[in-house]
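The structure appears below as structure tokens.
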Amino acid sequence: MCNQFKLPSLLNIKHYLVNDLNLPLAKTDTALPENQDVFPKQIAPVLLYQNNKLQLSPKSWGYPSPVDNKKVLFNARVERFYQQKPSMWDKSFAKQRCLIIADKFFEYGKKTYQAANNRKYHERYSFQDPDNPLTLIAGIYDEQHFAMVTTEPNSVMTPVHNRMPLVVRPEELRQWLFQNFTKLVDRSNVPLSAKKIPNKN
């Protein structure tokens, strides 16, 4: 499961949305975090359509767990929306979708290594959209919380992990936010670039 992504600067986010993608982004007076790694329970700006406008809104990563109030659920499987059994994500998938805007996101790999200090560590990778300056990731939200949407891995992610964030191409942005998103579930043809992160120990 993905539990870390890197926020770009707000200047880069706004330039990408307004200048590159030609989106009518509403101004915000709220201070937003930028240029930092984001982990579950931390605040990040997400792009959503609310109150008849497209805006960046600060929300906390992770929905409160219904069984343990000390934990949050921060990844939502897109397949749950298509199953008959109700889930806590249904309302958000239907009406409250957003986009996470990242420089890159991170994932631990399957292999474990022995470091010089005899500690074990997992291999770690960063991923990003190779064709665009920023990476768009599907998200859902409810009140002050958001979750990252995940799907089956493509050929780049499969050697590393059995799930991947649902990466959205710029031309698919409106489809994820406003329309039927069934065609976006399969990300097998969506390009990703992967980079192995050297161990610091």
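The values are calculated or read from the model by the stated rules, or taken from the named source; none is laboratory data. Because the structure is a prediction, the values reported are computed rather than measured. No Cβ is skipped: glycine too gets one built from the backbone with ideal geometry, and neighbour counts run over all protein chains shown. Keep in mind that these areas ignore ligands, DNA and RNA; they rest on the heavy atoms of the full protein, side chains included. Shrake-Rupley method; radii C 1.70, N 1.55, O 1.52, S 1.80 Å.
Observations on the model:
- Test result for GLN96, among the polar types (S, T, N, Q), open to solvent by 10 Å² or more (accessible area, probe 1.4 Å) and touching an Asp or Glu at 6+ places or on another chain (Cβ under 7 Å): yes
Okay, residues lined up against (1) in contact with a strand residue (DSSP E or B) (Cβ under 7 Å, 6 or more places away or on another chain); (2) without any contact (Cβ under 8 Å) to a residue 40 or more places away in the chain; (3) open to solvent by less than 20 Å² (accessible area, probe 1.4 Å):
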{"site": "PHE106", "(1), (2), (3)": "yes, no, no"}
{"site": "VAL149", "(1), (2), (3)": "yes, no, yes"}
{"site": "MET157", "(1), (2), (3)": "yes, no, yes"}
{"site": "ASN162", "(1), (2), (3)": "no, yes, no"}
{"site": "GLU172", "(1), (2), (3)": "no, yes, no"}
{"site": "ASN180", "(1), (2), (3)": "no, yes, no"}
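- Taking the criterion of being aliphatic (A, V, I, L, M) and touching a helix residue (DSSP H, G or I) at 6+ places or on another chain (Cβ under 9 Å), the residues of the stretch 89-104 that qualify are ALA94, LEU99, ILE101.
- Residues being among the charged types (D, E, K, R) and more than 21 Å from the chain's Cα centre (by Cα) - total across the stretch 17-52: 2
- Any hit, the stretch 149-158, residues being in a loop (DSSP other than H, G, I, E, B), under 20 Å from SER126 (Cα atoms) and of a type in the set (Asp, Glu): yes
- Residue in the stretch 23-38 that is more than 17 Å from VAL168 (Cβ to Cβ), among the acidic types (Asp, Glu) and modelled with pLDDT of 95 or more present: yes
- Among the residues making up the stretch 128-147, those that are open to solvent by 10 Å² or more (accessible area, probe 1.4 Å) and of a type in the set (S, T, N, Q) are GLN128, ASN132, GLN144.
- Within the stretch 108-127, if we keep just the residues that are under 22 Å from PRO40 (Cα atoms) and surrounded by fewer than 17 Cβ atoms within 10 Å (Cβ to Cβ), the residue that is farthest from the chain's Cα centre (by Cα) turns out to be TYR121.
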